[in-house]
Amino acid sequence: MKIALLHHAALPVTDLERSKAFYREILGLQEVPRAPFPFPGAWFALPGGQRIHLIVSPGQTMRTGKGIDSRDGHIALRVASYRETLEELRAKGYSPEAADELHRIKVDPHSVAGFPQLYLLDPDRNLIEINAEKLDL
């Protein structure tokens, strides 16, 4: 087997419109046409033809009640500038000190992974890592 790329990651959501707003307005992703599945959902484009699929379906595994835990299942998105991304998230109300857990971010500019990382939750508590090749603070 010779895997060429990660085609998509599928994430369970409960409120499709709320989730679409997060992926569009907070992460800045573009919604793209979706196959006519018999259940609600949305697709968002990433570079290289990769996608994030949001899926609404009864009985999904949800991270209900969970906070940010970088060791939990998550998707990771690479950005060009860690500094600019952090500034943009702060301008949208996200910070390590946010009282609302859904607006809290975990900032790790000197991660043991060897590249700067930050973590946040989507409205359904799906964990998202955002990282950059290098620290540009």
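The values are calculated or read from the model by the stated rules, or taken from the named source; none is laboratory data. Worth saying up front: this structure is predicted, and the values here are computed from it rather than measured. Don't worry about glycine lacking a Cβ; one is built from the backbone with ideal geometry, like all the others, and counts go over all protein chains shown. For accessibility, only protein heavy atoms count, side chains too; no ligands or nucleic acids. Shrake-Rupley method; radii C 1.70, N 1.55, O 1.52, S 1.80 Å.
Across segment 99-137, the number of residues qualifying as in contact with a Ser or Thr (Cβ under 9 Å, 6 or more places away or on another chain), of a type in the set (Lys, Arg) and either modelled with pLDDT under 95 or in a loop (DSSP other than H, G, I, E, B) (or both) comes to 1. Put simply, of 18, 51 the only residue that is out of contact with any helix residue (DSSP H, G or I) (no Cβ under 9 Å at 6 or more places or on another chain), open to solvent by 60 Å² or more (accessible area, probe 1.4 Å), over 15 Å from residue 77 (Cβ atoms) and among the charged types (D, E, K, R) is 18.
One residue alone among 63, 104 is closer than 13 Å to residue 11 by Cβ and among the charged types (D, E, K, R), and that residue is 63. Restrict the check to segment 76-97 and report whether at least one residue is charged (D, E, K, R), open to solvent by 50 Å² or more (accessible area, probe 1.4 Å), farther than 20 Å from residue 28 by Cα and modelled with pLDDT under 95. Within segment 76-97 (the criterion being charged (D, E, K, R), open to solvent by 50 Å² or more (accessible area, probe 1.4 Å), farther than 20 Å from residue 28 by Cα and modelled with pLDDT under 95), the answer is no, since none of the residues qualifies. Per the conditions (1) in contact with a helix residue (DSSP H, G or I) (Cβ under 8 Å, 6 or more places away or on another chain); (2) surrounded by 14 or more Cβ atoms within 10 Å (Cβ to Cβ), the sole criterion not satisfied by residue 70 is (1). Restricting attention to segment 37-81, the residues that are among the aliphatic types (A, V, I, L, M) and over 19 Å from residue 117 (Cα atoms) total 7.
Scanning segment 102-137 for residues being open to solvent by less than 60 Å² (accessible area, probe 1.4 Å) and within 15 Å of the chain's Cα centre (by Cα) gives a total of 19.
Please tell me if residue 4 is loosely packed, with under 14 Cβ neighbours inside 10 Å, out of contact with any helix residue (DSSP H, G or I) (no Cβ under 6 Å at 6 or more places or on another chain) and not aromatic (Phe, Trp, Tyr). So residue 4 passes the test.
Restricting attention to segment 47-98, and to residues there that are among the charged types (D, E, K, R) and part of a strand (DSSP E or B), which single residue is nearest to residue 129 (Cα to Cα)? Taking the candidates together, the pick is 78. Given the condition over 17 Å from residue 129 (Cα atoms), part of a strand (DSSP E or B) and not hydrophobic (A, V, I, L, M, F, W, C), answer yes or no: does some residue in segment 14-21 qualify? Checking segment 14-21: not a single residue is over 17 Å from residue 129 (Cα atoms), part of a strand (DSSP E or B) and not hydrophobic (A, V, I, L, M, F, W, C).
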